[in-house]
Amino acid sequence: MKFTKINRNYYGYFFIAPFIIAFLVFGLYPLYNTLSLSLTDYTLMTRKGEYIGLQNFTVLFADQLFLKAIGNTWLIWLLNFIPQIGVALLLSAWFTNNRLKIKGVGIWRAIFYLPNLLIPVVIAALFNSFFSFYGPINQFMVRFGYQAEAVHYLQNVEITRAVVIFIQWWMWFGQTIIIVMAGMTSIPVHLYEAAMVDGASAAQMFRRITLPLLKPILIFIFVTSLVGGMQMFDIPYLLTDGRGAPSNSIMTNNILMYMKFASSRGHIGAASAVAVLTFIMTTICALGIFFVLRDKDDTVTNKPKRSWFKKSETK
Amino acid sequence: MRKSILSVLSLLMIASMLLAACGGGSPATEAPADSGGSSDSGGSSDSGGSSDSGEKQVLKVWSFTNEILTMAIAFEGQNPDVDVQFTMIPMDAGEYQTKIKAAIGTADVPDVVALEAAFVKEWVEADFLADLGDLLPLTEELQTYPSVVEVGTHEGVTKAYSYQATPGAFFYRRSIATECLGTDDPAEVQALVNDIESFLEVAETIKQCNPNYFTVGTSGELFNPFLANRAQPWIVDGALVIDPQVEAYIDFAKLMRDNGYESQANQWSEGWFAGMNDSLVGADGQPKKVFSYFLPTWGLPYVLIPNSGDTGGDWAMINGPLPYQWGGTWVGAMADSPNLDLAKEFVAFVALNEENLTNWATGVYTNEYLKAIDPTVADGQAQAAGDFVSSQVVVEKITSSFDGSELYEWLGGQNNYEAFGVAAPNVNGALLTGSDDAIQRALQSARDQYLNGEIDKATMWQQWLDVVRSEFPDLVIPEPPQ
């Protein structure tokens, strides 16, 4: 009997083997390779890399552009993520609200999700053309008297950043709504019914029932968005000159990494160093999110549980 | 036992799937661009006569456009025992360069690569291209323009040749010239814009003549001409050189912007193209016109004419205020190539063969011509007449054949070949370096901020130098100009 049990376990390994192999080949090995490359001065055009210790990193930390890229990445991510999660929570709360009973939720959700299906290249080209000197926005603003003459919108640091932030928000809030709504609809209805019987207001129910039970979903959204945000590349790369213009204001970590990689000699060592630092930064922040949003009730077991969930269960 | 065999088998299967997934890319991308006559089917796709189903010598050629495919087929026509496997990889975002870099040292390494002006110098300065010095005598025979050879040469070793020369020209609207300058005669207009100072005077005249006329689309078009007249390249002995021409250009661009001599439409933007066919409308609702465009040889058939709408015949070309060159495609052989002799032969055919260059420039390579050699050629594959070739001998022989051609009519009765032929020998090829692209793009970005009044001049220099320092940490950066 024992023998067959082992065999059964053995089959389990067998089934996860494809994933493990794919992970080792496409996940862990590239990570290891990036780490080791970041300690060399390897370039594509010389093909010989010498071990140079942490020199790539010291150069990076002395590089104003790198510090600026990190600042830009955080700024653009935070300013698009906060409205994104806010709007997603609000709309999802409305869409799933039993009292409001909004019609055509599926259609709205599809419309909100639609921008995500567009190709970033197309969106960036579209916005670039909208905001160009002879573009429709200038034509509108001047002809209706809001502006004396045409201006180069994408030469203005604030406007360019705002455009990137808007595009990122617009492309991704539909996705967030879908995930949040899935989380909200999985919350048992009887909790809300009980709260209503107790005379709780909509705001109270949102704060005391929806948010706590949505926490795992929120952690998931936070972390995936953080990972995506730290690797932001396509829209800022394509919107202006691919080098973070104007004044490097939309230069992100990944654009800088790509610039180092695509430079005339192909500095893979230096590009890997950017990737490694982005990786470390993202990992620390993701762990921080887990820590801050962890289920505190689980860790403190000797205290009586006081969540609404517990109360409603005991009722 | 059976289970372990099973597991080994399935592991093998997974491994082979992974390998297939990794390796699958290149044949798939090759297939559509392949010039036919692939090694697998025994010569069935070849020109009628040669029935030798024996081993054909395979030559792998990579390029970023389909132009060289035309010559590859012509090469097969002359060498029936050679099978040219042509691969096209776009270079919009540097995929092409990255792909060659990745192929070095592997079995996929191409024998011959096409190299664009923006990155040819990177490759000529590195060690991966074969020394093609043996072909130099051919350049003397054909009187290849010296700048073309110079670009393909690094420290006395010539590694790449080009079939094109790409001198720049100044294209202007005859109607606006007549209206504002009182003449549309090329020689007289050239006298008016013979240097930058008089060019600025003409710009003022045109503005006074009609406030809705701009002299150029953008002052960015003069970036290349100014840079072409520097005394030194960007990098000399590991240090960045800020030539007085660079400062002169920045001041010139600021003048053009502040005085409203340019339409402010960025190069390659919709507005810039709209200026070529009078469809440019300002934000104030007024139609605007652009007097002139700075474009090189290839700019005429590929940029200006396709976008000119019904303004054909109203254009003329002259040398303009500054001689310059812009772009071009070079061809080199990889040092790793197992067929180096054949690769050399191919490079010689493409860039240094009088018959091929003549056929190339005079429109002999029609689709029917190519189909006769290889019936599998795509329908659009052909080379129209008019590309400006690198051999002075060929240029002189064929110049008169363009009199009365379509291009001749489009230019209001001017022979473009003749005009380029005058400009070509003045080009300086020694100024290109492998790092130009990054340095220049960084400067353009800072320049645009300065021209738009977002930052002052000192900040502009600082911003540019900071980016250059970040991209080239080993480069010695001079103090910014005052």
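The values are calculated or read from the model by the stated rules, or taken from the named source; none is laboratory data. A quick note: this is a predicted structure, and the numbers were derived from the prediction, not measured. Here the Cβ is made from the backbone with ideal geometry for all residues, glycine too, and neighbour counts use every protein chain on show.
The figures follow:
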quantity	calculated
Selection from region B:256-278 of residues that are of a type in the set (A, V, I, L, M, F, W, C) and surrounded by fewer than 17 Cβ atoms within 10 Å (Cβ to Cβ)	B:268
Complete set of residues in region B:233-282 that are farther than 21 Å from residue B:450 by Cβ, outside any helix (DSSP H, G or I) and touching a residue at least 24 places away in the same chain (Cβ under 8 Å)	B:233, B:235, B:238, B:239, B:278, B:279, B:282
Verdict on residue A:261 being at pLDDT below 90 and either part of a helix (DSSP H, G or I) or buried (at least 23 other Cβ atoms within 10 Å of the Cβ) (or both)	yes
Selected residue (only one of A:291, A:220 is touching a residue at least 24 places away in the same chain (Cβ under 8 Å) and either farther than 30 Å from residue B:449 by Cα or in contact with a strand residue (DSSP E or B) (Cβ under 9 Å, 6 or more places away or on another chain) (or both))	A:220
Residues (in contact with a Ser or Thr (Cβ under 7 Å, 6 or more places away or on another chain), β-branched (Val, Ile, Thr) and more than 10 Å from chain B (Cβ to nearest Cβ)) located in region A:240-269	A:250, A:252
Subset of region A:39-73 [more than 13 Å from every other protein chain (Cβ to nearest Cβ) and surrounded by fewer than 17 Cβ atoms within 10 Å (Cβ to Cβ)]	A:49, A:50, A:51, A:53, A:54, A:71
Residue under evaluation residue B:153, criteria (1) outside the structural domain of residue B:350 (by TED's automatic domain parsing); (2) touching a Lys or Arg at 6+ places or on another chain (Cβ under 9 Å); (3) among the β-branched types (Val, Ile, Thr), criterion not met	(1)
Count - residues of region A:59-100 that are touching a residue at least 60 places away in the same chain (Cβ under 8 Å) and not in a helix (DSSP H, G or I)	3
Which listed residue, of B:271, B:238, is on the phi > 0 side of the Ramachandran plot and within 14 Å of chain A (Cβ to nearest Cβ)	B:238
Any hit, region B:310-320, residues being buried (at least 18 other Cβ atoms within 10 Å of the Cβ) and assigned to a helix (DSSP H, G or I)	no
Test: residue in region A:214-226 that is touching a Cys at 6+ places or on another chain (Cβ under 8 Å), surrounded by fewer than 22 Cβ atoms within 10 Å (Cβ to Cβ) and more than 14 Å from every other protein chain (Cβ to nearest Cβ)	yes
Residue check, residue A:156 facing chain B (nearest Cβ under 10 Å), within 14 Å of residue B:271 (Cβ to Cβ) and either crowded, with 16+ Cβ neighbours inside 10 Å or at pLDDT 95 or above (or both)	no
Residues located in region B:412-469, provided they are away from chain A (no Cβ under 14 Å) and among the hydroxyl-bearing types (Ser, Thr, Tyr)	B:417
Conditions (1) free of Cβ contacts under 8 Å to residues at least 40 places away in the same chain; (2) crowded, with 21+ Cβ neighbours inside 10 Å: number failed by residue B:136	(2)
Residue match in region B:84-96 (condition: surrounded by 24 or more Cβ atoms within 10 Å (Cβ to Cβ) and part of a loop (DSSP other than H, G, I, E, B))	no
Given (1) of a type in the set (S, T, N, Q); (2) surrounded by fewer than 17 Cβ atoms within 10 Å (Cβ to Cβ); (3) farther than 30 Å from residue A:285 by Cβ, number of the condition residue A:185 does not satisfy	(3)
Odd one out for residue B:107, checked against (1) in contact with a helix residue (DSSP H, G or I) (Cβ under 8 Å, 6 or more places away or on another chain); (2) more than 14 Å from every other protein chain (Cβ to nearest Cβ); (3) hydrophobic (A, V, I, L, M, F, W, C); (4) part of a loop (DSSP other than H, G, I, E, B)	(1)
Residue match in region A:123-135 (condition: at pLDDT below 95, farther than 21 Å from residue B:260 by Cβ and facing chain B (nearest Cβ under 10 Å))	yes
Any chance residue B:187 is modelled with pLDDT under 95, more than 26 Å from the chain's Cα centre (by Cα) and among the small types (Gly, Ala, Ser)	yes
Residues located in region B:120-157, provided they are within 14 Å of chain A (Cβ to nearest Cβ) and of a type outside the set (A, V, I, L, M, F, W, C)	B:121, B:122, B:125, B:127, B:154
